[in-house]
Structure formats: structure tokens, C-alpha cells
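Step one of this worksheet: look at the structure below.
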Amino acid sequence: MTDDLGYLRESASQTAGPFVHIGLAPGAAGFDIYQRELGQDIAGPNAAGERIRVEGLVIDGTGSPVKDVMLEVWQANAAGHYAHPEGGGTVEEGFRGWGRVITDFDTGAWAFDTIKPGPIGEGHAPHLHLWIVARGINIGLNTRMYFSDDSVAHATDPVLNLIEWESRRPTLIATRSKGQGPAVYRFDIRLQGEGETVFFDI
Amino acid sequence: MSTGYYQRRRDIHPPALTPDYKTSVARSPRLAPLSLDHGAGEVTGPVFTAADVDPGDNDLLTNYAREGQSPIGERILLHGRVLDENARPVPRTLIEIWQANASGRYRHRKDMYLGALDPNFGGCGRMLTDDSGYFAFRTVKPGAYPWRNRVNDWRPAHIHVSVFGAAFAQRLITQCYFEGDPLIPRCPIVATIPDAGAVDRLTARLDMNASVPLDMIAYRFDVVLRGRRQSIFEGQGA
């Protein structure tokens, strides 16, 4: 299976399908099988930084919410470190920076709790990485979520500035609401059509 | 600057829009994705340890079965290695699988198919690969099932496979098919893959040498994740 230089080829992606929850979040599928369901707690109890909630919808090309989508979140901690050997530094005990987000099957609404990450370096704006899979999505979609209260940093962020069409940059910026209690950010992801979210080929 | 992973070969992956797989039509971005050099967030990814999984999680013959019972169906061993494009093993990475039971029915509140649920079969498993990238699951061979696409479309027997690798850039979900299944060339989801060789590499091979006599038959399935560029000369200027 190697080519003439000895390289293998990556396995082709296939859709996660409508029943992705069975494998990756069986509690949402409606049954209890594992001692620990993975990806339920992104930040853990000891993480520094502002506790936030992110909520939104994934919206298809007809304007309808996608009710069977699954998202994975990957983020740095408040110091800008990822929980990984190449993550730039240490993280708090229990901070994984990764989570799985399941929708309400009736409405498509999703939400997750975490901490607001710090910038990973000078000139970078804080952001989350999101990976989106669902029935009808043939290969997971990568995008990023930035925070509306970081507009000064957005002006210098190298990735936002790669987006040639300035009108598309706001598709990556979650809106902070001004209610009581922990901060809530709203982030709707549009798969197609007007206001289509910027996706990345990483 | 971190050393990135090889560019994804779009000629072996399905494009977003594949009209014969009808659900993709309204769920596929129309604009081109923005290509991104890999930074810290792409070359890192979640790290899993033995504490995240239990030793029996990879045995679908027992992980949901009642004491002393087992699921109905052809008992199989699905095994292989997770490698990267440099042909190196990917050790201690999380691999998760899910599948329908032998009658083609998923244990999911949204699956309304006529096929019967099996009280002894959950349909999911997970494990970490070992130091050589090896994994093995005991399960039953899933049944084919009909799905709403064209009026008479049937999925070939398949097991969904999710793998992490060492970086978010390597994240992959795919499906494993079984050698000799006549539904493979008829499936609109399989046909989203533009390359016949890539479909062939998603097709598990009957592996008689790994089969356990009088117990179960084995299928071999290797997963290949993206390879990483070598760091020699990286960042030393052009």
C-alpha cells in the first residue's frame, strides 16, 4: 500500500452518520455503557480564567438547524497553553481543553461550559478550535471561534487577517451577551449560503 | 513555528458536495476552505491515557451483554494498526468504534428500523492502541440496513471508526467495510470517495491466520493518519 517513495496514503474520511452518538457519546444515544464518557468536562475544576458558556446552532443551507451534529472543541488554557507535550507550557490539573458537544435532538441547540482561553502568542487573539461532524458531512469541518470582546486583538490575529473578505471575518466571532451571571457567548455556524462560516483546510 | 503535517490529499477524500448522497447537498459549504499553516492548535490535540478507558471497553461481545449471555451474530475479531503516512505506528492513541447489530439496527433513540434490537449488544467500543499502534476489537459482524436516500438504498455492512492521532490535524472519522460485500459498489456514501484505491483501503480483509478456531473469524483493518513533516532544516531560512 506504499507509493514508490514508501509513503502510505491517509485513510479516506467517511461521514460520521446520524448515529455518531452511539460511539462517541452513548449517553446521548440513550444508553449507559462506559464508566466514563469522554469529553464532558473541557476545563476541569482547577482551571484559571473566566468561566464561560458557549451556545449556538449549526444551520444548513436551507436555514434549518442541524439536529444531529456533533462538535469537538480544542482550546488552550487561560495562559495560552494546550494540554499536550507541544502545547507551550503546563496546564492546570484536570484541564484537558477538549470536549464533545451534542445537540438537543429536537431543536439542534447546543451549549458547552469552559474557560476563556488566553492568546497563544503575541498578536494572536484568543480562540477555540471546533471540528464538526454529522450525517451529510463527508469530512469533518474545521473552524475557529473568536470572542467579540477581543476586537483589538482581532485586528492583528494572523488567521483572521488571512481571510481576504473582511465581511466574512465576523462569521468566526461569537457574541458576548450582557446578562447576569457567567458570560454567555452566542456562536451560530452556517454550513452554506448567506453568511457561510469560514472553514479551514488545516 | 511548529512542524506541520502533510497536506491532506483531497483526491482521496470525499468532497463536501456529493449529490447522490442527498443529505450532503444542504450541509456542504459552497465556498473554498481557507488553507492554514499549522500552528500550536493544529499540531496539538487531546492526550488520552489508560485511565480514560476500561480494559473491557474493546470487547463488544461482552461490554453490554447480560451475565453469561452474548449478542447474536457472526463473531468477529476486527484488528489492525494505526499508522501514519510515514508508515510509523501511532501508539497510545484513542480509537473508538460504533456499529449496528447483526440485524442492521443501531441502539439509538433515533433509529426506527424494523430490525430487532439485541438486548446483549450495545454497539460501541474503544481502546488505546499499543506501542506498535495495534488495536483489536471483538464484536459481531454488523448487518446491512436500508436508509432513506434513494428509495432502495442499503448500506453495506460497516463499522464506524474514530481516531485521534497526536494532533487535531490528524483527527479522522471513517468507516470500515468488509471484503466481498456486494453492497459496497452500490453505496452512495462509499461512492463519495473519488478514488477506488482509497475505497479498497477502507475494506477489511479476511484474516484467517488471526481467526480463532471454533470461536471467531478475523478481519484486518489498518488506519492511516496524516504524516508529519521532518524537522531537519525547518525554520533555518530558505
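For the stretch B:58-65, does any single residue satisfy the condition of being in a loop (DSSP other than H, G, I, E, B) and over 22 Å from the mean Cα position of the chain (by Cα)? Outline the logic, then answer.
Within the stretch B:58-65, the subset in a loop (DSSP other than H, G, I, E, B) is B:60-65.
Imposing the further condition that a residue be over 22 Å from the mean Cα position of the chain (by Cα) reduces the set to B:65.
Looking through the stretch B:58-65, at least one residue is in a loop (DSSP other than H, G, I, E, B) and over 22 Å from the mean Cα position of the chain (by Cα).
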For the structure I just gave you, tell me whether residue B:194 is surrounded by fewer than 20 Cβ atoms within 10 Å (Cβ to Cβ), in a loop (DSSP other than H, G, I, E, B) and either within 11 Å of another protein chain (Cβ to nearest Cβ) or modelled with pLDDT under 95 (or both). yes
Would you say residue B:68 is loosely packed, with under 14 Cβ neighbours inside 10 Å and not hydroxyl-bearing (Ser, Thr, Tyr)? yes
Taking the stretch B:65-95 only, how many residues are at the interface with chain A (Cβ under 7 Å from one of its Cβ atoms) and in contact with an Asp or Glu (Cβ under 9 Å, 6 or more places away or on another chain)? 2
Residues of the stretch A:155-183 classified as open to solvent by 40 Å² or more (accessible area, probe 1.4 Å) and at pLDDT 95 or above, total: 14
Scan the stretch A:8-27 and report the pairs whose first residue is more than 7 Å from every other protein chain (Cβ to nearest Cβ) and whose second residue is surrounded by fewer than 24 Cβ atoms within 10 Å (Cβ to Cβ), with Cβ atoms within less than 6 Å and a gap of 6+ or a chain change. A:25/A:100; A:25/A:102; A:27/A:37
For the stretch B:12-37: of the residues being facing chain A (nearest Cβ under 7 Å) and closer than 16 Å to residue A:144 by Cβ, which is surrounded by the fewest Cβ atoms within 10 Å (Cβ to Cβ)? B:35
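Kindly evaluate residue B:116 against the criterion of being away from chain A (no Cβ under 11 Å) and not polar (S, T, N, Q).
yes
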So residue B:139 clears everything in (1) surrounded by 18 or more Cβ atoms within 10 Å (Cβ to Cβ); (2) assigned to a loop (DSSP other than H, G, I, E, B); (3) not aromatic (Phe, Trp, Tyr) except one condition, right? Which one? (2)
Residue list for the stretch B:124-156, filter: hydrophobic (A, V, I, L, M, F, W, C) and over 15 Å from the mean Cα position of the chain (by Cα): B:140, B:144, B:147, B:151, B:154
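Please indicate, with yes or no, whether at least one residue in the stretch A:34-53 is farther than 27 Å from residue A:127 by Cα, of a type in the set (D, E, K, R) and at pLDDT below 95.
Filtering the stretch A:34-53 for residues farther than 27 Å from residue A:127 by Cα gives A:34-36.
In the following step, the residues that additionally are of a type in the set (D, E, K, R) were identified as A:36.
So of that shortlist, the ones also at pLDDT below 95 come out as A:36.
The answer is yes; a qualifying residue exists.
The values are calculated or read from the model by the stated rules, or taken from the named source; none is laboratory data. Worth saying up front: this structure is predicted, and the values here are computed from it rather than measured. Don't worry about glycine lacking a Cβ; one is built from the backbone with ideal geometry, like all the others, and counts go over all protein chains shown. Please note that ligands, DNA and RNA were not included when accessible areas were found on the heavy atoms of the full protein model with its side chains. Shrake-Rupley method; radii C 1.70, N 1.55, O 1.52, S 1.80 Å.
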